[in-house]
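Reading through the structure tokens given below for one structure.
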Amino acid sequence: MAERVVPERVVAAERIAAESGFRKSCTRDMGRLLSTAAAAKPQGVVAESGTGAGVGTAWLHSGLGTGARLITVERDEGLARRAAGLFADDARVHVLTGDWRLLERHAPFDVFFCDGGGKRDDGQRVIELLAPGGLLVMDDFTPSPHWPPRFEGEVDELRLFYLTHPALEATEVLTTPTSSAVLASRRP
């Protein structure tokens, strides 16, 4: 059986994460979903909140079309600088240092991987940053067989907000047996 290819920049970003002690990078399964989302918008503007060491950024980059742009933001200056170094040779990629709201000046987004700031503190603004038909991707959820979805015995208000928002067509998908992601498209 053939082994699934992992892009070189992903491996490099994983190495930066390990060297930096950063343990919140997306999994390779989630990364393949990110690559697919970016590839679905080959001329699009792709954004990421929460660059970290650049692992998710590298997965988004692996699906990035030649006419697309990728803007990512990270609050930790050291991580942002190291991640920026991974993409210094590609003018389509811009790594910003600071709060997630720095992304606003680059909106609307055709794909928005909201992994850091925004998804918990201003969900409505996150949705407003999407272009009509834009894809919102969020990970780090624990699968729930219940409706409404539950986390640690309580209704998961965050997940419920995105899954039921009237401006979104949304679903939840398993990325591993113990983790899931919310995918949503902004209605025109």
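Restricting to region 134-156, and then to whatever is among the small types (Gly, Ala, Ser) and surrounded by 14 or more Cβ atoms within 10 Å (Cβ to Cβ), can you tell me which residue is nearest to Ala167 (Cα to Cα)?
Within region 134-156, the first condition is being among the small types (Gly, Ala, Ser), and the residues that meet it are 134, 144, 153.
This time we only want the ones that are surrounded by 14 or more Cβ atoms within 10 Å (Cβ to Cβ), so: 134, 144.
Details: Gly134: 11, Ser144: 23 Å.
For region 134-156, the residue satisfying everything is Gly134.
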### Query
Looking at Thr57, Thr51, Thr66, Thr72, which one is surrounded by fewer than 20 Cβ atoms within 10 Å (Cβ to Cβ), at pLDDT 95 or above, on the phi < 0 side of the Ramachandran plot and β-branched (Val, Ile, Thr)?
Thr66
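Output the residue which, of all residues in region 176-188 that are in contact with a Phe, Trp or Tyr (Cβ under 8 Å, 6 or more places away or on another chain) and in contact (Cβ under 8 Å) with a residue 60 or more places away in the chain, is surrounded by the fewest Cβ atoms within 10 Å (Cβ to Cβ).
Step one: filter region 176-188 for residues in contact with a Phe, Trp or Tyr (Cβ under 8 Å, 6 or more places away or on another chain), giving 179-182, 184.
Among the residues that remain, those that are also in contact (Cβ under 8 Å) with a residue 60 or more places away in the chain are: 179, 181.
Details: Ser179: 16, Ala181: 21.
Ranking the qualifying residues of region 176-188, first place goes to Ser179.
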### Task
Report yes if Gly117 is surrounded by 22 or more Cβ atoms within 10 Å (Cβ to Cβ) and touching an Asp or Glu at 6+ places or on another chain (Cβ under 8 Å), otherwise no.
no
### Message
Can you pull out every residue in region 166-175 that is in a strand (DSSP E or B) and open to solvent by less than 40 Å² (accessible area, probe 1.4 Å)?
### Response
Leu168, Ala170, Thr175
### Task
Could you please find all residues in region 19-48 being at pLDDT below 95 and of a type in the set (A, V, I, L, M, F, W, C)?
Phe22, Cys26
### Message
Which numbered condition in (1) touching a strand residue (DSSP E or B) at 6+ places or on another chain (Cβ under 6 Å); (2) crowded, with 20+ Cβ neighbours inside 10 Å; (3) over 22 Å from Gly134 (Cα atoms) is the only one that Ala84 fails?
### Response
(2)
### Task
Please work out which one of (1) open to solvent by 50 Å² or more (accessible area, probe 1.4 Å); (2) more than 15 Å from the chain's Cα centre (by Cα); (3) within 24 Å of Gly117 (Cβ to Cβ) is the condition Gln43 fails and give its number.
(3)
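For region 6-19, what are the residues that are part of a helix (DSSP H, G or I) and surrounded by 15 or more Cβ atoms within 10 Å (Cβ to Cβ)? Lay out the reasoning, then the answer.
Here is the first cut: in region 6-19, the residues part of a helix (DSSP H, G or I) are 8-19.
Within region 6-19, Arg9, Val10, Ala12, Ala13, Glu14, Ile16, Ala17 meet the criteria.
Would you be able to say whether some residue in region 29-44 is outside any helix (DSSP H, G or I) and either hydroxyl-bearing (Ser, Thr, Tyr) or touching a Pro at 6+ places or on another chain (Cβ under 7 Å) (or both)?
So far as region 29-44 goes, no, none of its residues is outside any helix (DSSP H, G or I) and either hydroxyl-bearing (Ser, Thr, Tyr) or touching a Pro at 6+ places or on another chain (Cβ under 7 Å) (or both).
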### Task
Quickly run through region 87-145 and pick out the residues that are free of Cβ contacts under 8 Å to residues at least 60 places away in the same chain, within 17 Å of Thr51 (Cβ to Cβ) and of a type in the set (Phe, Trp, Tyr).
Trp100
### Query
Would you say Leu79 is farther than 14 Å from Leu60 by Cβ and assigned to a helix (DSSP H, G or I)?
yes
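Do you know which of the residues in region 20-38 that are among the basic types (Lys, Arg) and open to solvent by 80 Å² or more (accessible area, probe 1.4 Å) is farthest from Ala181 (Cα to Cα)? Step through it out loud before you land on a result.
Within region 20-38, the subset among the basic types (Lys, Arg) is 23-24, 28, 32.
Those still in the list that are open to solvent by 80 Å² or more (accessible area, probe 1.4 Å) too: 23-24, 28.
Working: Arg23: 18, Lys24: 15, Arg28: 13 Å.
Per the criteria, the residue is Arg23.
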### Query
Within region 87-113, restricting attention to residues that are open to solvent by less than 20 Å² (accessible area, probe 1.4 Å) and β-branched (Val, Ile, Thr), which residue is nearest to Phe22 (Cα to Cα)?
Val93
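The values are calculated or read from the model by the stated rules, or taken from the named source; none is laboratory data. On a predicted model such as this, the values are computed, not experimentally measured, just so you know. Here the Cβ is made from the backbone with ideal geometry for all residues, glycine too, and neighbour counts use every protein chain on show. Note: areas computed on protein heavy atoms with side chains; ligands, DNA, RNA excluded. Shrake-Rupley method; radii C 1.70, N 1.55, O 1.52, S 1.80 Å.
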